[in-house]
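*Asks:* Below is a structure I'd like to ask you about.
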Amino acid sequence: WAGKPFGFASERLFAVPVTWPSVMETIVLNIRMPRIIMACLVGCCLASAGACYQGVFQNPMAAPDLLGASTGACFGAALAILHGRSSAMITLYAFFFSLLTVLLVFVIGQRAPGQKTVNLILAGIMVSSLFSAGTSYIKLVADPGSKLPEITYWLMGGLSGTRLPMALGLIPLLLIRWRLNLLTLGEEEARALGINTALLRLIVVVCATLVTAASVSVSGLIGWVGLVIPHLCRRYIG
């Protein structure tokens, strides 16, 4: 049956009469279905990144957009498009500035006096606003005939293509998920159980940032999935 249409298999395997035209079958299988799968994958990636940020920073309010990962990715992509970079370089710029944003937030939150959790949230809001303003400035100076539409289209996102960095970032996070759970016990307890907390935090931050940057490049800026979905899952799973 290689090369046969889906309707052929449906009629032979499931005894379902084919009442739809071939063009409808092509639209559903080649256009709609891949985009539905991509939408589910983007939601999975953002929720996983949000859960990882919450575990690493031990902050229930941590999320990719709150810590600046999403806005940093948008700024990096807009900057790459402004300079006429290739598609691969746009993704690389998005990842680099996404990681840079999270690192800035973490450094500011750790060095500022006061409660670390509150400092982390405030630093995330401040740095996110800074990179968001930078993205607005890039859109202001971009060529309205070519660069500005491309930047706007990238920021709006779409579900017509796949991004390999999503899978590359999710695989390490799935492999170290049990070690990540140990961080919720506290820094000293995790070290007593043989966890290299500094290395683990670095790996998780890099992978979660890669996942976030890849998701933003596909779907645009989504502001609530990375924060809300992990908490909803914990209510059912623990």
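No lab work stands behind these numbers, since they all come straight from the coordinates. Bear in mind that the values here come from a model prediction, so they are computed numbers and not experimental data. All Cβ positions, glycine included, derive from the backbone under ideal geometry; neighbour counts span all protein chains shown.
*Asks:* Would you list the P(r) distribution for region 193-238, with all Cα-Cα distances sorted into 5 Å bins from 0 and each bin expressed as a whole %?
*Replies:* Histogramming region 193-238 at 5 Å steps yields 5, 17, 16, 19, 21, 17, 4, 2 percent.
*Asks:* Which number comes out as Rg/Rh for region 70-141 once both Rg and the Kirkwood Rh are worked out on C-alpha atoms?
*Replies:* Checking Rg against Rh, the ratio lands at 1.07.
*Asks:* Sticking with this structure for a sec: Just from its helices, what would the mean residue ellipticity at 222 nm be for the chain, if runs of 4 or more DSSP H residues each count -39500 (n - 2.57) and the sum is divided by every residue, rounded to the nearest 500 deg cm²/dmol?
*Replies:* Here the helix-only value at 222 nm equals -24000 deg cm²/dmol.
*Asks:* Right, next: What spacing in nm lies between the two simple spin-label points modelled at CYS40 and GLU187, each 7 Å away from Cα in the Cβ direction?
*Replies:* 4.1
*Asks:* Rounded to the nearest 10 degrees, what's the angle between the helix 164-175 long axis and the longest principal axis of the chain, both from Cα atoms, 0 to 90?
*Replies:* Between helix and principal axis, roughly 60 degrees.
*Asks:* Continuing with the same structure: How much of the calculated P(r) for the chain lies past 21 Å, in percent of all Cα pairs?
*Replies:* It works out to 61 percent of all Cα pairs.
*Asks:* Between region 215-238 and region 81-116, how many Å separate their Cα centres?
*Replies:* Spelled out, the Cα-based centre of one part sits 20 Å from the other.
*Asks:* While we're on this one: What is the ratio of the Cα radius of gyration of region 126-217 to 2.2 N^0.38 Å, with N the residue count, to two decimals? Display every interim value, and only then the final one.
*Replies:* On the way: Rg = 18.5 Å, N = 92, 2.2 N^0.38 = 12.3 Å.
It is 1.51.
*Asks:* Mind putting a number on the dipole of region 100-236 about its Cα centre? Charges go on the C-beta only, +1 for Lys and Arg and -1 for Asp and Glu, and I need it in Debye to the nearest 20. All intermediate terms of the calculation are to be shown ahead of the outcome.
*Replies:* Numbers: 11 positive and 5 negative charges, 43 e Å.
Taking the Cα centre of region 100-236 as origin, the dipole is about 200 debye.
*Asks:* Ordered by residue, what ³J(HN,Hα) values in Hz, to whole numbers, does region 41-55 give under the Karplus form 6.51 cos²θ - 1.76 cosθ + 1.60, where θ = phi - 60° and Gly and Pro are x?
*Replies:* Working through the residues one at a time gives 5, 4, x, 4, 5, 5, 5, 5, 5, x, 5, 5, 4, 5, x Hz.
*Asks:* Still on this structure, please answer the following. Could you derive backbone 3J(HN,Hα) for region 189-198 from the dihedral phi with the Karplus parameters 6.51, -1.76 and 1.60 (θ = phi - 60°), listing whole Hz in sequence and x where the residue is Gly or Pro?
*Replies:* Coupling constants for region 189-198: 5, 5, 5, 5, 8, x, 9, 7, 5, 5 Hz.
*Asks:* Here's a follow-up. In the Gaussian network model of the chain, springs joining C-alpha atoms below 10 Å, which of LEU210, LEU29, LEU183 carries the largest mean-square fluctuation?
*Replies:* LEU29
*Asks:* Given charges of +1 on the Cβ of Lys and Arg and -1 on the Cβ of Asp and Glu, with all other atoms neutral, how large is the dipole of the chain about its Cα centre, in debye to the nearest 20?
*Replies:* With only Lys, Arg, Asp and Glu charged at Cβ, the dipole is about 180 debye.
*Asks:* Do you know the relative contact order of the chain, to the nearest whole percent, from alpha carbon pairs under 8 angstrom that are 6+ apart?
*Replies:* 31
*Asks:* Figure the gain on full extension for VAL206 and LEU168 (residue separation times 0.36 nm, minus the Cα-Cα span) and round it to one decimal in nm.
*Replies:* Gain on extension, VAL206 to LEU168, equals 12.6 nm.
*Asks:* Between ALA39, ALA49, ALA112, find the one with the highest GNM mean-square fluctuation for the chain; connect C-alpha pairs within less than 10 Å.
*Replies:* ALA112
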